[in-house]
1. Would it be correct to say that A:Gln232 is under 30 Å from B:Tyr212 (Cβ atoms) and either in contact (Cβ under 8 Å) with a residue 60 or more places away in the chain or outside the structural domain of A:Ala25 (by TED's automatic domain parsing) (or both)?
2. Taking only pairs six or more apart or across chains, which ones have beta-carbon atoms under 8 Å, a first residue in region A:198-210 that is without any contact (Cβ under 8 Å) to a residue 24 or more places away in the chain and more than 7 Å from chain B (Cβ to nearest Cβ), and a second residue that is assigned to a helix (DSSP H, G or I) and of a type in the set (A, V, I, L, M, F, W, C)?
3. Quick check on A:Ile247: is it at the interface with chain B (Cβ under 8 Å from one of its Cβ atoms) and β-branched (Val, Ile, Thr)?
4. Would you call B:Met56 at the interface with chain A (Cβ under 7 Å from one of its Cβ atoms) and surrounded by 24 or more Cβ atoms within 10 Å (Cβ to Cβ)?
5. What about A:Ser185, is it crowded, with 21+ Cβ neighbours inside 10 Å, more than 16 Å from B:Gly57 (Cβ to Cβ) and either facing chain B (nearest Cβ under 7 Å) or free of Cβ contacts under 8 Å to residues at least 60 places away in the same chain (or both)?
6. Report, by residue number, each residue of region B:184-221 that is more than 18 Å from B:Ser149 (Cβ to Cβ), more than 8 Å from chain A (Cβ to nearest Cβ) and not aromatic (Phe, Trp, Tyr).
7. Can you tell me which residues in region A:44-53 are at pLDDT 85 or above and within 13 Å of another protein chain (Cβ to nearest Cβ)?
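The values are calculated or read from the model by the stated rules, or taken from the named source; none is laboratory data. It should be emphasised that the depicted structure is a prediction, and the values quoted were computed from it without experimental measurement. Positions of Cβ are backbone-derived with ideal geometry, glycine not excepted, and every protein chain shown enters the neighbour counts.
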Amino acid sequence: MLLHLGAVLLATESQTNTIWTRLTARSRLLCTLLIVFATALTPNGRWWTWAVYAISIALLILISRVPLLPLLKRVAVELVFVGVVLIGTLFRQGGDVLFQWGWIQITTEGVTVLGSVTLKAFLSLLTVNVLILTTSITALLHALAELRTPPLLVAIFSSMYRYINVLVDEFNSMQRAARSRNLMSDPRRQRTVIGNMIGSLFIRTYERGDRVHQAMLARGYSGLPPVAKMPQPSRLDVALLTLTIVILLIGQAIYL
Amino acid sequence: MSVTVSLFQPQLALHIPDGFLSLPIILVTWILAIALIAICLQRVQATYQERAVPLMGVCAAFIFAAQMINFPIPGGTSGHLLGGTLAGVLLGPWAGSLVMAVVFIVQSVLFQDGGLTVLGANIVNMGLIGTFGGYYLYRSIRYALGRDSLRSVLIGAAIAAWTSVFVSSIVCAFQLAFSGTVPLNVAISAMAFWHFMIAIGEAVITVVAVSYIWRTRPDLMYHPPRHAVADTSRSYSSR
C-alpha cells in the first residue's frame, strides 16, 4: 500500500560493533547532515566533486556494514520523482542539441541537469538511509536534543513516533471493517466513507491525546519528559567529524 | 509498494527530494520554516501547556496515518490527503502548522519522503501555505457566510482545501523552476494539471471529514459552533 510502512520495522539497530556505530548518535547525525547538505548544494555539473563524495559514501557503507538489500530498496522509492525532471529535460533549451524529434529536443544542458539532480538525490538518499538503518530512533531523538533542538519539539517527535503504529493499525482496521461491509466498491461512495473514517479517527485521536495526557499526569509528568544521559563523544568522534569536513572541503576545492 | 506507477505519481509531487532546489531557495525556505516552527512552538506551549506533548504527538500521528489512505480522485488515478487545511480547520493555524511540520520532518528523516535539505521548502509549501493560508481562507469565508452554520463551514473548508493544495503546488513549481531544475512552463503545467485534480479530492475528503466531526463532536473543532460549547463533551469512542 505505501512507501511509509515496512520501513518502520527496519529502523531498528541492526548492526554490531563497527567504527560507525561506535560513534555517538550525535556525531553520526552531524556527519550525515554535513554530507547531505554538501552533496545537495553543489551546483549542477560538478562531476568530480560528486565522485569524491560518492567514494566516501561508499566507504561509509562499507565500514558501517549496512545490509545492502534494504538500503537499495529504500533508495529506489524516491527516485520516482526524477521522472518530473526527465520530462523537463525534453523541453529544455540551451547547450548543443543532441537529439531532436519534432518539437522535443534533448540538449547537453538538459542532460547535465538530469544527471546532476539524479546523482545528488541518489547520494543524499544513500547517506540518510545509512544513518536510519544503523541508528535507533531513540538515539536519534537524544541526538536531536543534544544538538539544541527545542525540547518541546523533540518530545512531540517521540510521542508521535510512539503513536504512528497505533493510529495506522486503527485506520487499517476501520478500512477492513468498511471493506467487509461492501462499502468500498463504488468510488463515489468510497470517498464519503474515507472522509467519515478520517473524521472519526480524528475524534478518537483527540480523545486518545487526552487519555494519554491523564496517564502521563498520573505518572508524575510535569511539562517535559526526562532526558537520559547519553555517552560522551570520544576522540574517535572528533576524528571522524574532522575527516568528513576535510573530505567535503576537498570535494569543493576541485572547482575553485 | 507503489513504485511502479506512472512518472507523475501525483502524491510524491509535493515532497521534493534532495538536490532539486538551489542554495538561495533552500536558504530562504529554511529561514521561513524555522521561524514558523519557533512561533508555532511558542503559541502551542502557551495554549495547551503540558497537554501540548501528548496532544500534538497523537495529532501528528493522525495526519501521518490519514495521509496513507489512498482514494480515487477525478481523472482516474488515486491520491491521498495532504491534510494541511484539515489540520488548520480542526486544530487552528498554530497547532495545525506545527503538526504538519512535524509530520514532514518525520517523513523526510525516517521514510525519505522528501529530502533533508528541502525540508524547509516542503514545510513552507504545505505548512505555511497549506495550513496557515488554508486556515485563514477558511476562516474568512466561514465568518463572511455565517459563523455557526454547517453550510458556511463546509464551503469555507472546500474552497480553502482546494486552493491550498493548488497554490502550494504552483509555489513548488516556481521553486523548482527558479532552482533551474525544470523549465518554468513544464513545471507549472505538470504540477497544475495534476494538482487541479488532487485538490478536488482533497476538498471532498476535507469536507466529508469536517462535516462528520461537526455532526458528532463539534466541540472538538478549533472554532466550535456556539451551540456546541454549552454541551458537555461526550465520548463516542470506547477505547
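1. Judged against the criteria, A:Gln232 is not a match.
2. Listed pairs, sorted by first residue: A:Asp210/B:Leu55.
3. Against the criterion (at the interface with chain B (Cβ under 8 Å from one of its Cβ atoms) and β-branched (Val, Ile, Thr)), A:Ile247 does not qualify.
4. yes
5. So A:Ser185 fails the test.
6. Those that are more than 18 Å from B:Ser149 (Cβ to Cβ), more than 8 Å from chain A (Cβ to nearest Cβ) and not aromatic (Phe, Trp, Tyr): B:Leu184, B:Ile188, B:Ser189, B:Met191, B:Ala192, B:His195, B:Met197, B:Ile198, B:Ala199, B:Ile200, B:Glu202, B:Ala203.
7. Correct list: A:Arg46, A:Thr49, A:Trp50, A:Tyr53.
Residue-by-condition table, conditions (1) more than 25 Å from A:Val212 (Cα to Cα); (2) basic (Lys, Arg); (3) out of contact with any helix residue (DSSP H, G or I) (no Cβ under 7 Å at 6 or more places or on another chain):
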site: A:Leu133; (1), (2), (3): yes, no, no
site: A:Thr149; (1), (2), (3): no, no, yes
site: A:Val154; (1), (2), (3): no, no, no
site: A:Asn165; (1), (2), (3): no, no, no
site: A:Ser173; (1), (2), (3): no, no, yes
site: A:Arg176; (1), (2), (3): yes, yes, yes
site: A:Ser180; (1), (2), (3): yes, no, yes
site: A:Leu183; (1), (2), (3): yes, no, no
